[in-house]
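The values are calculated or read from the model by the stated rules, or taken from the named source; none is laboratory data. This one's a predicted model, so the numbers in the text were calculated from it and none came from an experiment. Positions of Cβ are backbone-derived with ideal geometry, glycine not excepted, and every protein chain shown enters the neighbour counts. Surface accessibility is based on the protein's heavy atoms, side chains included, excluding ligands, DNA and RNA. Shrake-Rupley method; radii C 1.70, N 1.55, O 1.52, S 1.80 Å.
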Amino acid sequence: MKYEKIDDFAQRVNVNRRTIFRFYANNPKLKEETKMKNRCRVVPISHKRFWNIDELFESNKAYNEANRMMSNLLLALQTGNPLVKKLWFLKWTHIITISPKGASLEYCTSRISQFYDEINSKYGAKTNLRILYNSEKYAGGSGYHTHAVLNIENKKLQPIIIKHLERYFKDDRIEVDTYDFKKGFLFYSIKDKKDFYTESWGFNGNNLKKEKLDYEI
């Protein structure tokens, strides 16, 4: 986290020192994120979002999204579906969102399935692979997109397979991030289909029997 002196921060957000000190007096939890350095109080530069409506909106949106993901995780586990629990306790390495232009549901699900088959054919003998995906319609819009959670056990192959993903979906918008179980993304990808009663989701892996998932398919 980067910090700067009160005077520099005041200039950054275009308010005076007194306003900033009053803000932290009224928000003691945020004041705990400041610190003393060389007997001067310094402020996290990230706090500038509290003085910018657009940044605050984006910050709140991300916070609400994180809450929705965690709520969805709890609801998924509450269903009692044994497959949900098994998937949750497995290791995953990447989260992926693929947004093709004007694609149908069938196109999205078949493309992600074909992508998995391709990487399994090319790299499956060298690493344990697993994928969970769901395709869905855009909220308030036309077309579909796909959320996927991927596991690539061999760390050396991870960047190679992600490059393969980028080439495979080169005509689509792709977002890739590291999987973090604390963010609850695993069941965000299937949203309200936590009992898997839909044709738009799927999962596959090259070690399902050992992971005791093969009979669930």
Item to check | the range 18-55: number of residues that are farther than 15 Å from residue 4 by Cβ, open to solvent by 100 Å² or more (accessible area, probe 1.4 Å) and not in a loop (DSSP other than H, G, I, E, B) | outcome: 6
Item to check | Test: residue 51 is modelled with pLDDT of 75 or more and under 30 Å from residue 154 (Cβ atoms) | outcome: no
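Among the residues of the range 97-112, what is the count of those that are of a type in the set (Gly, Ala, Ser) and surrounded by fewer than 16 Cβ atoms within 10 Å (Cβ to Cβ)?
Taking the range 97-112 as the starting set, the residues that turn out to be of a type in the set (Gly, Ala, Ser) are 99, 102-104, 110.
Add one more test, that the residue is surrounded by fewer than 16 Cβ atoms within 10 Å (Cβ to Cβ), and what stays is 102, 104, 110.
Summing the residues that are of a type in the set (Gly, Ala, Ser) and surrounded by fewer than 16 Cβ atoms within 10 Å (Cβ to Cβ) in the range 97-112 gives 3.
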Checklist outcome for this item: Of those in the range 103-131 that are among the hydroxyl-bearing types (Ser, Thr, Tyr) and modelled with pLDDT of 95 or more, the residue farthest from residue 168 (Cα to Cα) is 127
Item to check | Which numbered condition residue 72 misses (of (1) closer than 19 Å to residue 179 by Cβ; (2) at pLDDT 90 or above) | outcome: (2)
Next on the checklist: Taking the condition of being surrounded by fewer than 15 Cβ atoms within 10 Å (Cβ to Cβ) and either over 22 Å from the mean Cα position of the chain (by Cα) or at pLDDT 80 or above (or both), how many residues in the range 177-197 meet it?
Outcome noted: 5
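Considering only residues that are in a helix (DSSP H, G or I) and open to solvent by 50 Å² or more (accessible area, probe 1.4 Å), which ones fall in the range 127-165?
Hits for the range 127-165 are 155, 156, 159, 160, 163.
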Checklist entry - What residue, among those in the range 119-153 that are without any contact (Cβ under 8 Å) to a residue 60 or more places away in the chain and among the small types (Gly, Ala, Ser), is nearest to residue 93 (Cα to Cα)? => result 148
